[in-house]
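Asks: What follows is a structure written as structure tokens; I'll ask about it next.
The values are calculated or read from the model by the stated rules, or taken from the named source; none is laboratory data. Just so it is clear, the structure is predicted and the values come from calculations on it, not from any experiment. Reconstructed Cβ throughout: ideal geometry from the backbone, glycine too, with neighbour counts over all protein chains shown.
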Amino acid sequence: MNNRLAIGGVIAVLIALNLVQGAALLRMHARKTEPAPVTLTEQHIQQLPKVSQDAVRPSLEQTRPLLHTRLKEAHQARHELARYIASPNYNRAEARKRFEDLRAKTNAAQGVAEDMLLDAADKLSAKDRALILKTVDGQS
């Protein structure tokens with residue numbers, strides 16, 4: 001009987017370690033694969049001619065606080081999800097809901113970033129749009 005209890009204890013410890021390892025892997029995977037929205041930075045804007053910089057800067061400065069908020073919400077949802085999956089209260093259905101929430105928040109941040117880029121594109125010449133896309137893609 002003591003052997004069964006010892007084996008049961010070892011199995012319980014191994015399961016707990018696997019859950020901790022799984023949560024750690026999830027956290028590492030989420031950090032590495034989550035694409036950041038394409039955003040315009042001051043360095044991107046500085047690549048443009050002065051007239052174009054002056055045209056896009058006001059709308060970008062107006063949009064950045066919202067983008068920051070959306071990115072912060074997605075970041076917080078990702079951390080809450082990882083903590084929940086590692087918690088003793090883990091439930092697959094609840095974890096799925098939290099994944100859906102994370103996806104919605106990440107999509108919201110991406111949407112703001114895309115709108116920011118499109119608002120800038122509306123104000124730029126074709127040549128400047130090509131230049132800004134080249135710098136955003138890191139091909140400058």
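Asks: If I go through segment 57-68 residue by residue, how many of them are more than 14 Å from residue 117 (Cα to Cα) and surrounded by fewer than 13 Cβ atoms within 10 Å (Cβ to Cβ)?
Replies: Residues meeting the conditions: 1.
Asks: Of everything in segment 45-89, what is more than 16 Å from residue 103 (Cβ to Cβ) and in contact with a Pro (Cβ under 9 Å, 6 or more places away or on another chain)? Give them in sequence order.
Replies: Hit for segment 45-89 is 67, nothing else.
Asks: Another one. Take residues that are modelled with pLDDT of 85 or more and at negative phi and tell me which of the helices (runs of 4 or more DSSP H) falling wholly in segment 45-140 contain 3 or more.
Replies: Values: elements: 50-86, 92-122, 126-136.
Qualifying helices (runs of 4 or more DSSP H): 50-86, 92-122.
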